[in-house]
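See structure below.
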Amino acid sequence: MDNEIFSNNLACLPQYLKDLLPPPSNHEMYWQSVQIATGKNGWPVGIYRMENNHTHTNSFVDPWAEAQQWAASINYKDTKVSIIYGCGFGYPLLEYAKRKKAYTETLIFEQNVELFYAMLQCIDLQPLLSDPSCHFLVGNIDQIKSQLKSLLYEEFLLRSTNLTVSFTWLAHRHEKNLYLTLHEWFLHALRGSCMSIGNSIYDTLVGVYNTLDNAQEIICSPQLSSLRNAFMGKPAFIVSNGPSLDRNIDTLTRAVGKSLIITAESSLRPCLIRGIRPDAVAVTERTPNVYHIHFENQRLPSDLVLIGLTLIDPRIPKLFQGSFVPVFRSGESSCRWIQQTLTDDVCGLHSGSSSAHLAFEFAVWTGANPIVFVGQDLAFGRDKTTHSQLSAYAESTLAHQVKSLREQPAFYVPGVNGERVLTTRLWDEFRAWFEDQISLHPEVHFIDATEGGAYIHGTELMTLDEVVSTYCTEYVDTALYQYVQSASVLPNTSEIAKKYSTLLSKVKDMKNQFHSLTQSANDDIQDCRLVELACQLKAKHPETEVPSFIEALVERSSVACEKFTDVQIAPYTQHALFAFHKQINDLGEVDSVDSLYLATRLYRDMYECLKKICAVMTQQFDLAERHVIQKSEIDHT
């Protein structure tokens with residue numbers, strides 16, 4: 001390869017971009033849509049075809065002057081994350097790189113792979129490609145989504161409270177609508193990642209305690225991996241509890257035994273009332289109310305399978321006579337160490353934000369096709385109804401929840417029948433999650449047979465009668481209950497005892513880790529106090545030289561929080577980390593003694609808060625240690 005610029009750029013590319021580009025020997029085919037011209041002063045300018053026209057990427061007269069003008073318009077100070085749409089053939093990016101702050105993380109989006117490839121051959125991008133704080137995201141929206149997943153980590157989210165967005169002139173003139181669509185998705189993904197942080201340490205602890213209580217059932221139940229593609233090519237119905245369910249629920253009777261039917265926990269009762277025996281019910285919530293409302297005193301079919309997150313109320317799995325498929329949440333670390341201890345399975349499901357999401361993911365996991373939505377309104381029905389009148393939500397005990405839903409801020413979205421329907425932000429986020437997941441599985445035929453509610457992009461609209469008549473023409477060979485029973489394991493007492501022993505060691509490790517962090521937080525607090533004293537001294541006596549070691553303390557204080565982001569610790573500390581980093585980011589760049597003092601005060605407050613959290617968690621895992629000992633003794637008898 002005799003193109004030195006291209007060779008150097010290629011050497012700096014991350015592997016995911018190298019995999020995206022064609023082999024170097026095949027680059028000629030890319031020149032069919034992109035040409036390189038030479039400007040007035042000898043600088044290369046890209047020319048590429050857009051529909052029936054050609055456009056040039058930069059000024060033919062002076063692309064650098066044009067790029068400098070663009071770069072000068074961007075706000076750099078206090079920006080922790082910078083989003084740039086369009087590469088602009090490199091010139092504006094290189095001018096941006098000269099001005100960006102070292103603390104700014106930059107995401108550069110380019111949807112035109114051919115233009116990106118041509119740019120690599122003509123423009124030396126090493127200042128950007130070799131900078132670990134700059135990330136190129138290239139390709140169509142699905143490719144960019146895949147690339148972006150690895151970047152939405154906790155440190156990035158901590159920075160994203162101070163975010164700026166810029167369009168290169170080329171992107172703004174010719175590709176703005178494309179990038180606005182991408183930007184809307186990016187903000188949704190960012191919001192979803194922030195929401196996944198959770199809102200309560202208490203909820204996280206309840207999930208951990210419930211998972212520990214479910215240890216025996218997890219050990220003896222089939223692993224998720226054993227059900228991979230179990231229903232390949234078979235129809236699956238995801239039955240939710242929207243108001244439209246009452247209109248067509250009886251049609252599901254004809255699908256029993258000829259498909260995989262999974263209900264949300266709240267739509268189980270309507271199905272049973274109408275004599276429909278689903279294959280499974282999906283449960284995701286950890287609160288006791290789910291047990292009391294949907295399962296207590298409920299007579300369940302003996303062949304009904306529970307697909308449940310491991311963190312659900314331990315009374316629920318015990319109702320299912322061994323027909324339990326425990327699901328660990330992928331991407332959630334609070335119980336990952338328990339999964340690694342109790343099972344050999346590394347598989348998990350994201351499970352979204354609702355039991356319908358879990359049911360959907362499980363259906364995809366089993367290879368079902370088509371996957372059919374029923375009762376998935378995600379919008380208010382007539383007279384602002386919220387749920388099936390056959391469900392628990394029609395009873396007076398849940399009237400307060402229905403009232404709360406009706407009082408939420410609402411807005412209109414496109415409906416399945418061409419009209420606009422009223423929805424809430426939560427339901428709309430549920431819909432967006434479905435659409436995102438549907439886009440990831442082009443091989444699956446998704447059908448919305450709800451016959452009402454909000455339109456879910458990526459689905460074909462059919463009546464439930466049409467779906468059942470078309471796809472439920474023969475009985476499935478093996479029911480889900482049979483799969484689960486055959487895959488269940490019955491370990492002997494010594495095997496169970498060994499797993500409990502390992503689990504106990506893990507709990508002790510967690511306790512010791514939090515105890516160590518409690519002590520470490522003391523040192524961080526002391527560092528902050530020394531910096532505060534130095535700032536106060538400097539403010540009172542401006543002529544006083546700040547001791548040289550203070551700079552090291554400042555640096556140490558700003559990065560000391562990293563130890564609290566360990567994958568096993570973060571579920572309990574991330575709430576405080578995000579709350580305080582929002583305030584620290586809002587202060588802006590630390591460029592004076594006053595701003596340093598204010599930032600250090602916030603860091604000290606943060607470490608004092610983290611110290612309290614870690615001290616409490618030490619106590620909690622001490623209780624968990626005793627709980628596991630007691631539980632193991634009960635399960636062995």
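The values are calculated or read from the model by the stated rules, or taken from the named source; none is laboratory data. Predicted model only: the values in this text are computed from it and were never measured. Backbone-built Cβ (ideal geometry, glycine too); neighbour counts: all protein chains shown. Each accessible area value is taken on the protein alone, full model and side chains, heavy atoms only, with ligands, DNA and RNA left out. Shrake-Rupley method; radii C 1.70, N 1.55, O 1.52, S 1.80 Å.
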| task | Determine if the range 619-632 includes at least one residue that is closer than 30 Å to Leu504 by Cβ and touching a Phe, Trp or Tyr at 6+ places or on another chain (Cβ under 6 Å). | result | yes
| Inside the range 570-601, can you point out the residues that are closer than 22 Å to Ser82 by Cβ and exposed (fewer than 12 other Cβ atoms within 10 Å of the Cβ)? | Asp586, Asp591
| field | Residue that is least open to solvent (accessible area, probe 1.4 Å), among those in the range 95-125 that are of a type outside the set (Phe, Trp, Tyr), over 24 Å from Glu175 (Cα atoms) and under 30 Å from the mean Cα position of the chain (by Cα) | value | Thr104
| request: State whether the residues of the range 146-155 include one that is in contact with a strand residue (DSSP E or B) (Cβ under 6 Å, 6 or more places away or on another chain), within 30 Å of Ser334 (Cα to Cα) and either at pLDDT 90 or above or among the β-branched types (Val, Ile, Thr) (or both). | output: no
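Hey, among the residues in the range 52-76 that are of a type in the set (A, V, I, L, M) and in a loop (DSSP other than H, G, I, E, B), which one's least open to solvent (accessible area, probe 1.4 Å)? Give the derivation first.
Step one: filter the range 52-76 for residues of a type in the set (A, V, I, L, M), giving 61, 65, 67, 71-72, 74.
Narrowing the set further to residues that are in a loop (DSSP other than H, G, I, E, B) leaves 61, 74.
Values: Val61: 89, Ile74: 20 Å².
Residue satisfying both the conditions and the ranking: Ile74.
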| said: Out of Leu212, Leu227, I need the residue that is crowded, with 19+ Cβ neighbours inside 10 Å, touching a His at 6+ places or on another chain (Cβ under 9 Å) and of a type outside the set (D, E, K, R). Which one? | reply: Leu212
| request: Among what's in the range 405-415 and is open to solvent by less than 30 Å² (accessible area, probe 1.4 Å) and modelled with pLDDT of 95 or more, pick the residue that is farthest from Pro243 (Cα to Cα). | output: Val413
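For every residue, the table says whether it meets (1) under 22 Å from Asn241 (Cβ atoms); (2) among the charged types (D, E, K, R); (3) outside any loop (DSSP other than H, G, I, E, B).
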residue: Asp383; (1), (2), (3): yes, yes, yes
residue: His387; (1), (2), (3): yes, no, no
residue: Leu390; (1), (2), (3): yes, no, no
residue: Tyr393; (1), (2), (3): yes, no, yes
residue: Asp428; (1), (2), (3): yes, yes, yes
residue: Glu435; (1), (2), (3): yes, yes, yes
residue: His441; (1), (2), (3): no, no, no
residue: Glu474; (1), (2), (3): no, yes, no
residue: Gln485; (1), (2), (3): no, no, yes
| task | State whether the residues of the range 447-458 include one that is surrounded by 18 or more Cβ atoms within 10 Å (Cβ to Cβ), of a type in the set (Val, Ile, Thr) and farther than 24 Å from Lys258 by Cα. | result | yes
| said: Restricting to the range 1-39, give me the number of residues that are modelled with pLDDT of 85 or more, within 39 Å of the chain's Cα centre (by Cα), surrounded by fewer than 17 Cβ atoms within 10 Å (Cβ to Cβ) and not in a helix (DSSP H, G or I). | reply: 1
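Among the listed residues Ser501, Ser494, Ser469, identify the single one that is out of contact with any strand residue (DSSP E or B) (no Cβ under 8 Å at 6 or more places or on another chain), under 28 Å from Thr366 (Cβ atoms), open to solvent by 60 Å² or more (accessible area, probe 1.4 Å) and assigned to a helix (DSSP H, G or I). Before the answer, list the steps.
Values: Ser501 fails: under 28 Å from Thr366 (Cβ atoms); Ser494 fails: under 28 Å from Thr366 (Cβ atoms).
On inspection, the qualifying residue turns out to be Ser469.
Scan the range 446-458 and tell me whether some residue there is among the aliphatic types (A, V, I, L, M) and in a loop (DSSP other than H, G, I, E, B).
Within the range 446-458, one or more residues are among the aliphatic types (A, V, I, L, M) and in a loop (DSSP other than H, G, I, E, B).
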| Selection status of Gly42, open to solvent by less than 10 Å² (accessible area, probe 1.4 Å), more than 27 Å from Phe156 (Cβ to Cβ) and either without any contact (Cβ under 8 Å) to a residue 40 or more places away in the chain or outside any loop (DSSP other than H, G, I, E, B) (or both) | no
| query | Residue check: is Gln376 part of a loop (DSSP other than H, G, I, E, B) and among the polar types (S, T, N, Q)? | reply | yes
| note | Note on the range 313-335: residues at pLDDT below 90, out of contact with any Gly (no Cβ under 7 Å at 6 or more places or on another chain) and closer than 30 Å to Trp427 by Cβ are Gly331, Glu332, Ser333
| query | Of Val346, Val402, which residue is assigned to a loop (DSSP other than H, G, I, E, B), open to solvent by 10 Å² or more (accessible area, probe 1.4 Å) and either over 25 Å from Ile261 (Cα atoms) or in contact (Cβ under 8 Å) with a residue 60 or more places away in the chain (or both)? | reply | Val346
| said: Criterion first (out of contact with any Lys or Arg (no Cβ under 6 Å at 6 or more places or on another chain) and either closer than 25 Å to Ile201 by Cβ or open to solvent by less than 40 Å² (accessible area, probe 1.4 Å) (or both)) does Ile249 satisfy it? | reply: no
| request: Count, please, the residues in the range 555-564 that happen to be under 18 Å from Ser595 (Cα atoms) and open to solvent by less than 50 Å² (accessible area, probe 1.4 Å). | output: 2
| request: Check the range 380-398 and report whether any residue there is among the hydrophobic types (A, V, I, L, M, F, W, C) and within 30 Å of Leu503 (Cβ to Cβ). | output: no
| task | Name the single residue, out of those in the range 278-294 being modelled with pLDDT of 95 or more and in a loop (DSSP other than H, G, I, E, B), that is nearest to Arg254 (Cα to Cα). | result | Pro278
| note | Residue hits (the range 538-554; surrounded by 15 or more Cβ atoms within 10 Å (Cβ to Cβ) and either more than 45 Å from the chain's Cα centre (by Cα) or in a helix (DSSP H, G or I) (or both)) are Lys538, Ile550, Leu553, Val554
| Quick one: is Val567 more than 22 Å from Leu163 (Cβ to Cβ), open to solvent by 60 Å² or more (accessible area, probe 1.4 Å) and touching a Lys or Arg at 6+ places or on another chain (Cβ under 9 Å)? | yes
